[in-house]
Amino acid sequence: MRAKVVILSTLLIASIGVGLQTFAQAPARVDTQVQPQLQLREPSYRLQPPDVFDLDFALTPEFNQTVTVMPDGYISLRGVGPVSIAGQTVAEATNTITKAYSHVLSQPRIAILLKDFNKPSVYVAGQVKNPGMYDLRGATTPFKAITMAGGFLDSAKNSQVVLFREAGNNMVSAKLINVKQALKETDLREDLELRAGDMVYVPQNTLSKIAPFIPRPGVGMYGTVPIP
């Protein structure tokens with residue numbers, strides 16, 4: 001999860017106009033033709049280092065223990081030894097550990113209780129008040145994520161918010177979301193549900209880009225003067 005956010009947050013946006021432009025110095029390519037499957041629900045959490053969880057043995061409490069996923073993806077189980085579980089869901093890890101203990105116990109009944117783990121989160125960047133990483137708490141949409149980040153700045157181009165999502169094979173999918181129109185029409189059907197690792201990027205509007213070059217009163221404004 002942390003690695004995904006680092007990959008997305010280090011992408012440098014060259015420009016965003018009517019369409020999406022290619023990232024500069026990006027570790028992953030942006031495929032604007034492949035649209036992310038935004039309608040799918042958040043997949044089950046997968047265990048990873050350095051997650052910590054309790055193992056509860058219903059019939060043999062003397063085997064109850066707290067384990068940590070080590071950097072190599074293994075856990076050390078009492079009476080069994082090292083077992084690899086990194087990348088597995090809780091259900092998959094339960095099956096793996098149950099099989100491991102089936103050589104020691106008769107029909108073990110095991111439950112995993114997560115204690116310390118990487119909470120699913122998204123990254124909000126660009127023209128928002130407080131850019132950064134935010135935990136996903138229930139169903140979270142791009143607009144809700146922007147709200148958690150303090151809302152749009154005056155320099156934001158809220159008609160072209162970009163949702164980046166890892167698409168596998170070293171690819172990143174991108175989707176434009178017109179939040180401005182959705183709010184105006186009170187139609188948030190396009191404000192879709194986010195997944196862990198997504199990045200919501202709010203680009204800068206054109207006016208704010210040229211504002212530094214617009215003359216201001218008393219600061220060298222041009223005007224017409226009679227020629228002597």
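May I ask you to say which residue of Phe53, Phe117 is surrounded by 12 or more Cβ atoms within 10 Å (Cβ to Cβ) and under 30 Å from Thr147 (Cα atoms)?
Phe117
Condition check ((1) closer than 27 Å to Pro50 by Cα; (2) outside the structural domain of Gly73 (by TED's automatic domain parsing); (3) small (Gly, Ala, Ser); (4) touching a Gly at 6+ places or on another chain (Cβ under 8 Å)) across all residues:
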site	(1), (2), (3), (4)
Leu136	yes, yes, no, no
Lys144	no, yes, no, no
Gly150	no, yes, yes, no
Val162	no, yes, no, no
Ile177	no, yes, no, no
Ala182	no, yes, yes, no
Arg195	yes, yes, no, no
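Being at pLDDT below 75 and either surrounded by 15 or more Cβ atoms within 10 Å (Cβ to Cβ) or not polar (S, T, N, Q) (or both), is that true of even one residue in the range 193-204?
Taking the range 193-204 and keeping what is at pLDDT below 75, we get none.
Looking for residues that are at pLDDT below 75 and either surrounded by 15 or more Cβ atoms within 10 Å (Cβ to Cβ) or not polar (S, T, N, Q) (or both), one finds none in the range 193-204, hence no.
Given (1) in contact with a strand residue (DSSP E or B) (Cβ under 6 Å, 6 or more places away or on another chain); (2) at pLDDT 90 or above; (3) among the charged types (D, E, K, R), where does Lys115 come up short, assuming only one miss?
(2)
Just name the residue that is farthest from Thr68 (Cα to Cα) out of those in the range 89-112 that are more than 23 Å from the chain's Cα centre (by Cα) and either outside the structural domain of Leu59 (by TED's automatic domain parsing) or of a type in the set (Ser, Thr, Tyr) (or both).
Ser106
Considering every residue within the range 109-123, establish whether at least one is within 30 Å of Arg78 (Cβ to Cβ) and aromatic (Phe, Trp, Tyr).
yes
Condition check ((1) in the same structural domain as Tyr123 (by TED's automatic domain parsing); (2) modelled with pLDDT of 95 or more; (3) within 16 Å of the chain's Cα centre (by Cα)) across all residues:
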residue: Ile7; (1), (2), (3): yes, no, yes
residue: Ala14; (1), (2), (3): yes, no, no
residue: Ala26; (1), (2), (3): yes, no, no
residue: Glu42; (1), (2), (3): no, no, yes
residue: Tyr45; (1), (2), (3): no, no, yes
residue: Phe63; (1), (2), (3): no, yes, no
residue: Pro71; (1), (2), (3): no, no, no
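Among the strands (runs of 3 or more DSSP E) contained in the range 128-182, which hold 1 or more residues that are under 13 Å from the mean Cα position of the chain (by Cα) and at pLDDT 90 or above?
Answer list for the range 128-182: 132-135, 161-168.
The values are calculated or read from the model by the stated rules, or taken from the named source; none is laboratory data. This structure is a prediction, so every number in the text was calculated from the model and none was measured. Cβ: placed from backbone, ideal geometry, glycine included. Neighbour counts: every protein chain shown.
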